[in-house]
Structures are given as C-alpha cells and as structure tokens.
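Each remark here refers to the structure printed beneath this line.
Just so you know, all these numbers are worked out from the coordinates, no wet-lab data involved. Since the model is a prediction, treat every value here as computed from it, not as a measurement. Here the Cβ positions follow ideal geometry from the backbone for every residue, glycine too, while neighbour counts run over all protein chains shown.
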Amino acid sequence: SKAPVRVAVTGAAGQIGYSLLFRIASGEMLGKDQPVILQLLDLPQAQKAVKGVMMELEDCAFPLLAGMVATDDPNVAFKDAQVALLVGARPRGPGMERKDLLTENAKIFTVQGAAIGQYADPNVKVLVVGNPCNTNAYIAMKTAEKFGRVNPKNFTGMLRLDHNRALSQLAAKTGREVSSLTKLVVWGNHSPTMYADYRFCLSNGDSVKSLVNDDAWNRDVFLPTVGKRGAAIIEARGLSSAASAANAAIDHIRDWVLGSNGEWVTMGVPSDGSYGIPEGIIYGVPCVTENGEYKVVKDLEIDEFSRERMTVTLNELLEEREGVKDLL
Ligand code: NAX
C-alpha cells in the first residue's frame, strides 16, 4: 500500500474545516487508495474545539486516516507537509477597514510562509483559501521564497469556488448538464471583481456563448450573480459558504494531484507574465494539470470587454500588493 501523504490544514476548528477534513480523510481529495496524515493548525484558544473534531474523525473509522496531530505551532503543522490548505484567517470584524484586514492577515501569512519555507516538503502544494486569498498566497510565497527550499510556483489561491458557481449558473441558463460544460475560466482575484469568462466554454461541442447569446445577461446578471454569491449565501444562511468552499478546495487539490485529463480548471497561480499580468501576482487563469503539475493555457484571445474586466480585477490585486509591501 502507498505511504501516507502529510496534509496540513489551518483553521481546522472553523466551519470550512468541519466540511473539509472529513472529505480529505475519506479519500475524496487524494484518491481512495491514498492514506493521509492530518496536521491540524489552529489558534491556542481553538485547540479544544480541534480535539473535538479529531474525536469525530476517529469515530468515522476512516481506513485511509493514518494519523493526526493538532497544534498551535505553524512549524509543527507544516513539517514535511506535501499538501497545505491554508484556510484559517482573520475575519473582518465590525468597523474593520479593508486595509486593516489586509495587514492583519499579512502577519498570519508571513509567519505561515516562513514555516512552509523552512519545514514543508520542497514540493509542497499550497492552496490558500483564507481571504483575501490571492494576496495571502502571494505573501506566503514571497516569505517562503527567502529560504530557497520550496517551489514558489506551488503557491496557489482558490478561484475554484467562483469557477463552480459560474458553471452552475451557466448550466441553469442553457438547460445543459453541469457535467457537459468545459473550458470555462475565471480570471483574476477571488472577489466580486473576478471575471468569469464563458467565451470558450463548450457543452457537448456547442458554444455556450452562442447558446446564451445575450451580452446584457452576461454583464448585468451572470457576472454580478457569481461575484456576489458569497454575500447572497451569508444573507440566506446567516453564515458564510463553508461546504461549497470545502468542496472547491477538494476539487482544486484533487485535479492538481491526480490530473484534469486535458480539461481546463481555474487556479490562482503566480503569473508567469502571460496575458499581461505582472509576474508573481496570484491571478486566476485556466490551467491543465498532469503528473502533479499545472500548465497555464496560453494565447487565448482577449477581446475589449474581457480586457476591461481583467484590468479591473488586476488593479485590485496591485492595490492589495501595495498595501502589504512593507511586510515583505
Ligand atoms: P471560521 O471563522 O469558521 O474558521 C476560521 C478558523 O481559523 C478558526 O477556527 C480560527 O481560530 C482559525 N484561525 C484564525 N487565525 C488563525 C491562524 N493564524 N492560524 C491558524 N488558524 C487560525 O471561518 P471559515 O468559514 O472556515 O472560513 C475561513 C476562511 O475562508 C475565511 O478567511 C473566509 O473568508 C475564507 N473563504 C474563502 C473562500 C474562497 O473561495 N477563497 C470562500 C469561502 C470563505 O469565505
């Protein structure tokens, strides 16, 4: 049987953690033949709650769960980790400015980036879920890079929830099965500025753009619906999206590790300069994954409307980067 993979998860006592951990332990992320060891990080005051989650994980008697540790020390949590899911983050409190949120989180992600840079497996695959996830991933990457051990290309941010939200809206609009849709991409930042782009999207060989054939719907209904979906969930549920976020994290890592079989998946990855995105910015792009590596789909045509949208979401990321530059 296979050697266990060490999976670090931060914010383990939180809402997303409560959905995510059980699915990782049941084999939905790395495969039904792949044992895992869970390395759970949360704040000191959340350790008791993490213990409770671990008790429930034990009570599932998952055959693939080869071990677990709980800790409040990032250096312990990330030790030899091959997959790291950075979910825990400082939520926006009452009266907190966007700028404060950014710098509070920047502190967390410099500490965790340093721990990953020193102690994780050199090929660790990092997915940042905690918001602002693109910029948090950027901070962790830049900090980890200083130690010269881990691959900076492997720091990614989660755009997959936006991607899945867009798929389901398009399936509803066209009356096609969600599973029939391919070649969707969500460009940019995980925020309401994201640009879900279905110009290349196909359903059983038919162009989804032609099936929709409604630019006003794209601009006035589709993009706002996907962009504001997180707020709509909070409004309806009284809590932020958790199960769907955990599901997206599973999808992101599963496709990265096990391959996307030629299909496009959206990942926030450090830009290599393509599409005019400055190098290093963590930006949602279409990727194809194979043998544990992602490749950005290149040379797609960018029309005027798309360029406008891609610039708006890029400018937000540049602003966020400017806001944390003193910490890096
Ligand atoms: P919760 O508040 O339920 O849980 C967060 C957990 O993280 C808590 O247990 C907290 O103690 C822990 N934590 C805080 N600081 C930590 C640190 N420095 N080290 C380790 N653990 C720490 O939030 P939850 O609903 O689970 O959401 C977690 C994050 O995901 C939030 O930042 C949220 O904004 C973000 N989201 C990102 C999404 C995406 O698509 N990228 C979508 C869903 C979600 O909104």
Tell me, please, whether a residue that is in contact (Cβ under 8 Å) with a residue 40 or more places away in the chain and farther than 25 Å from Arg160 by Cβ can be found in the range 44-65.
no
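Consider Ala13 carefully, then state whether it is over 17 Å from Ala248 (Cα atoms), within 15 Å of the ligand (Cβ to nearest atom), part of a loop (DSSP other than H, G, I, E, B) and in contact (Cβ under 8 Å) with a residue 24 or more places away in the chain. Steps first, answer last, please.
Working: over 17 Å from Ala248 (Cα atoms): yes; within 15 Å of the ligand (Cβ to nearest atom): yes; part of a loop (DSSP other than H, G, I, E, B): yes; in contact (Cβ under 8 Å) with a residue 24 or more places away in the chain: yes.
Taking the combined requirement at face value, the residue satisfies it.
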Can you name every residue in the range 191-244 that is farther than 28 Å from Glu320 by Cα and buried (at least 19 other Cβ atoms within 10 Å of the Cβ)?
Cys201, Ser203, Val208
With criteria (1) surrounded by 15 or more Cβ atoms within 10 Å (Cβ to Cβ); (2) within 28 Å of Asn204 (Cβ to Cβ), Gly268 comes up short on (2)
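Out of Val208, Val226, report the one residue that is in contact with a strand residue (DSSP E or B) (Cβ under 7 Å, 6 or more places away or on another chain) and within 16 Å of the ligand (Cβ to nearest atom). Before the answer, list the steps.
Values: Val208 fails: within 16 Å of the ligand (Cβ to nearest atom).
None of the other options fit; the residue is Val226.
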Please indicate, with yes or no, whether at least one residue in the range 29-40 is within 16 Å of the ligand (Cβ to nearest atom) and either over 18 Å from Lys125 (Cβ atoms) or among the hydroxyl-bearing types (Ser, Thr, Tyr) (or both).
no
